[in-house]
Amino acid sequence: MQVQELVGIVPWTFIAQICNLFIQMYLIKRFLFKPINEMLEKRRAAADAEITDAEAAKKEANAIKEEYEQNMQEAKAKANEILESARKTATLQSEKIVKEASEQAAALKNKAEKEIAQEKKKAVNEVKGEIGGIAMDIAGKVIEREINEKDHEKLIDEFISNVGEAS
Amino acid sequence: MEVDISGAKVFFTIPIDFPLFGKIQISETLVVSWIVMALITGLCIWLTRDLKIRNISKRQAVAEMIVETANKFVIGNMGEKFRYLIPFVSALFATSVVSNLISLIGLRSPTADLSTEAAWAVVVFIMITTQKIKTNGFGGYLKGFTTPIAVMTPFNVLSELATPISMACRHFGNILSGVVINALIYGSLALASGKLLGLLPGVLGRTLSQIPILDVGVPAVLSVYFDWFSGVMQAFIFCMLTVMYIANVAEEG
């Protein structure tokens, strides 16, 4: 069999090896780098998507939390308001009741006082009349004569009014 | 006992005589190159079968590791803008390693043929020169030969040409030396075992001396260096030099 030189450059082998190198480059690119890089890219995209999802979920959770907190705040404020207004109403009502009661009491007292005064007057008048009558009887009996009724009555009235003032 | 160390066998010759280039000879180098290419491509296809995003197989992990290593090697040494060179450097390395190691299964390494390394070196040289012209402009490239003084021009041209020649010859020399030493060792061990067993008396000695018993095992130890180490090392050096030369030239501008 024919044999080439041990150390030498064979032109066609040289050219063929250049071609082989580039063909090999294409084959490696096509069958190793392309699929692997595509796969890595896909994996990166998947990871990115997951991170984005997680971020969105976190954002949503934060929004919900904020809303909840706000709701809580509002509810608290409302409760306070209700409490405050209830207290106010109660105070107002109690004040009103006390006022009414005191007014009523005052009216009652007034009425009672008036009645007492009236009773007193009535009693005094009765007593006056009685005393007048008694005095007249006594005087009539003592003097045993009929004096002018008119003068007599005047005299007794003076006397009684003096008594009333003294009493 | 005869030790024959020759160039690549020619299997087939296409009988058309091209001027300057001669007849096309399908040599051992070419055939084994094709086998190497088929092996590498087959390996690539096998490695990248049913790729998954999660729960990757060991095979896919290996494929990813290879790609990451290639990316790191090229981008780490040359920078992001040379990303397009990753497949080229990978092809160079893969072809070189597999070509060097294919001698282990008894085929003749395509890299034991200077034509192969010369082809690679010339491609790399053209790349370096293109990169040089790209960074400095054509005028700047020509001017570069006259630095530091015009008298240095011939030396500069020589040193420029020395790059591909040294790259090709370094790789070729290492592989060829492996081939030569292996042939010598096989030959000498066969001779030695023939002589040793020939000392045995009678028919026994005559029969056993025909079997090169020492050829079993002993060359394997030596092939750890001459095939494995030297083969992988030379492929690495060749790629490293390619990457370094191109990166250096790109930075000069």
(request) Mind listing whichever residues of the range B:148-180 are over 23 Å from the mean Cα position of the chain (by Cα) and touching a residue at least 24 places away in the same chain (Cβ under 8 Å)? (result) none
(message) Please pick out the residue among A:Ile28, A:Ile9, A:Ile18 that is of a type in the set (Val, Ile, Thr), crowded, with 20+ Cβ neighbours inside 10 Å and at the interface with chain B (Cβ under 7 Å from one of its Cβ atoms).
(response) A:Ile28
(request) Would you check which residues across the range B:10-44 are closer than 30 Å to B:Val67 by Cβ and within 7 Å of chain A (Cβ to nearest Cβ) and list them? (result) B:Thr29, B:Leu30, B:Ser33, B:Met37, B:Ile40, B:Thr41, B:Cys44
(message) For the range B:51-65, give me each residue that is among the aliphatic types (A, V, I, L, M) and either outside any loop (DSSP other than H, G, I, E, B) or closer than 20 Å to B:Ala94 by Cα (or both).
(response) B:Ala61, B:Val62, B:Ala63, B:Met65
(request) Sort out which residues of the range B:86-113 are within 14 Å of B:Phe238 (Cβ to Cβ) and aliphatic (A, V, I, L, M), and write them in order of number. (result) B:Val89, B:Ala91, B:Leu92, B:Ala94, B:Val97, B:Val98
(request) Could you list all residues from the range B:66-83 that are part of a helix (DSSP H, G or I) and either more than 10 Å from every other protein chain (Cβ to nearest Cβ) or more than 17 Å from A:Lys34 (Cβ to Cβ) (or both)? (result) B:Thr69, B:Lys72, B:Phe73, B:Val74, B:Ile75, B:Gly76, B:Asn77, B:Met78, B:Glu80, B:Lys81, B:Phe82, B:Arg83
(message) Looking at the range B:15-32 only, could you name the residues that are of a type in the set (A, V, I, L, M, F, W, C), closer than 16 Å to A:Phe14 by Cα and over 22 Å from the mean Cα position of the chain (by Cα)?
(response) B:Phe18, B:Leu20, B:Phe21, B:Ile24
(request) Go through B:Ala183, B:Ala235 for me and flag whichever is within 30 Å of B:Pro164 (Cα to Cα), in contact with an Asp or Glu (Cβ under 9 Å, 6 or more places away or on another chain) and in contact (Cβ under 8 Å) with a residue 12 or more places away in the chain. (result) B:Ala183
(request) Residue by residue through the range B:102-124, note down the ones that are without any contact (Cβ under 8 Å) to a residue 40 or more places away in the chain and surrounded by fewer than 20 Cβ atoms within 10 Å (Cβ to Cβ). (result) B:Ile105, B:Gly106, B:Val123
(request) Being in a strand (DSSP E or B), surrounded by 15 or more Cβ atoms within 10 Å (Cβ to Cβ) and of a type in the set (Ser, Thr, Tyr) is the filter here, so list the residues in the range B:1-50 that pass it. (result) B:Ser27
(request) Return the residue satisfying two criteria in turn: it lies in the range B:159-205 and is among the polar types (S, T, N, Q) and modelled with pLDDT of 90 or more, and of such residues it is surrounded by the most Cβ atoms within 10 Å (Cβ to Cβ). (result) B:Asn174
(message) So, in the range B:210-232, how many residues would count as being within 15 Å of B:Ser177 (Cβ to Cβ) and touching a residue at least 60 places away in the same chain (Cβ under 8 Å)?
(response) 5
(message) Can you pull out every residue in the range B:8-62 that is charged (D, E, K, R) and within 30 Å of A:Arg44 (Cα to Cα)?
(response) B:Arg49, B:Asp50, B:Lys52, B:Arg54, B:Lys58, B:Arg59
(request) Residue by residue through the range A:31-58, note down the ones that are touching a Cys at 6+ places or on another chain (Cβ under 8 Å) and either more than 7 Å from chain B (Cβ to nearest Cβ) or of a type in the set (Val, Ile, Thr) (or both). (result) none
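The values are calculated or read from the model by the stated rules, or taken from the named source; none is laboratory data. Treat the numbers as computed from the prediction; the structure is a model and nothing was measured. Note that each Cβ is placed from the backbone with ideal geometry, even for glycine, and that neighbours are counted across all protein chains shown.
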